[in-house]
């Protein structure tokens with residue numbers, strides 16, 4: 001686990017200026033803005049989750065790919081989950097517990113992170129994960 005990166009993410013959720021207008025745990029990056037007279041999206045997503053914030057927190061290492069999904073610039077496998085697992089040094093199941101809404105309740109939480117989870121709840125789940133993990 002990369003504790004420093006998770007701590008920086010927690011601080012961003014609790015104290016930082018989000019890159020999305022709305023925190024939405026149910027989507028990586030959703031667009032609701034269209035260019036005038038078209039159905040073509042423009043600008044940054046209007047809603048996103050913590051993984052969707054990674055290109056804002058770490059712009060040198062993360063980007064939005066051609067499908068507007070947040071991925072590592074190098075070595076992420078083109079998928080947000082693979083990028084997050086490598087970047088944060090977590091397993092697939094830990095990724096599910098931490099960042100996928102509606103997955104079963106994590107053993108380190110006394111609450112389940114559903115699709116309506118707030119940024120504060122996601123940050124608390126990340127903090128609980130760090131505090132229960134060795135290292």
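FYI, it's all coordinate maths here, none of it is from the lab. Note that the structure is predicted; figures quoted are calculated from it, not measured. Cβ: placed from backbone, ideal geometry, glycine included. Neighbour counts: every protein chain shown.
Annotations
- Where labels lie 7 Å past Cα in the beta-carbon direction, separation of residue 120 and residue 8 in nm: 2.6
- Taking a ≥ b ≥ c as the square roots of the eigenvalues of the alpha carbon gyration tensor, the stretch 3-132 is prolate, as a/c is not under 1.5 and a/b beats b/c.
- Proxy reagent accessibility, fewest Cβ within 10 Å first, across 24, 11, 110: 110, 11, 24
- Residue 21/residue 131 FRET efficiency (R0 35 Å; Cβ-Cβ; nearest 0.05): 0.70
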